[in-house]
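Here's the structure, in structure tokens; my notes come after.
The values are calculated or read from the model by the stated rules, or taken from the named source; none is laboratory data. Keep in mind that this is a model prediction, so the values were computed, not measured. Every residue, glycine among them, receives a Cβ derived from its backbone with ideal geometry; neighbour counts consider all protein chains shown.
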Amino acid sequence: MTLATEQGFALPSVIGTMLRGWALAVQGHEAEGIAQLEEGLAACQATGAKNLLSYFPALLAEAYRKADRTEEGLRALADALAVVDKTEERWCEAELYRLKGQLTLQQFQVPGSKFQVADPRSLTPDPQGVVD
């Protein structure tokens, strides 16, 4: 990121900011990560870039999910899916729908309920093949 900034390459620097923000968010520093992702996404759009504009909102949506900011995550995904429809840049469309599913399930979690939606990545089969 430093080299890109020094050399005047705005887009690689912005991409670095967004990836650093995502890494911070998934490592438990959600507020700082979200701030960097939001800043980076706005800067990316300001460069006039046309590629990856569906991928970066997915990173932001994942950070919002980690921070329990479900509505904002769903809005970020709606924006990303609109880009997919407009540009037909579909390489990360499945990831967008996976995140949308997770955020939608998270939206309906009821604190204190004995029925909770588990993160599918945390489920492990027992030796008899039954999922916990």
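A few comments on the model shown:
- Among residues of segment 31-44 that are over 19 Å from Ala10 (Cβ atoms) and without any contact (Cβ under 8 Å) to a residue 12 or more places away in the chain, those with a beta-carbon under 8 Å from a residue that is among the hydrophobic types (A, V, I, L, M, F, W, C) and surrounded by 15 or more Cβ atoms within 10 Å (Cβ to Cβ) at least six positions away or on a different chain give the pairs Glu32/Leu24; Glu32/Ala25.
- Of the set (1) surrounded by 19 or more Cβ atoms within 10 Å (Cβ to Cβ); (2) in contact with a Cys (Cβ under 8 Å, 6 or more places away or on another chain), all apply to Leu52 but (1).
- Enumeration of residues in segment 51-102 that are among the small types (Gly, Ala, Ser) and either more than 20 Å from Leu24 (Cα to Cα) or touching a Ser or Thr at 6+ places or on another chain (Cβ under 8 Å) (or both): Ser54, Ala78, Ala80, Ala82, Ala94, Gly101
- From the list Ala58, Ala80, Ala63, the one residue that fits, being buried (at least 19 other Cβ atoms within 10 Å of the Cβ), within 13 Å of the chain's Cα centre (by Cα) and modelled with pLDDT of 95 or more, is Ala63.
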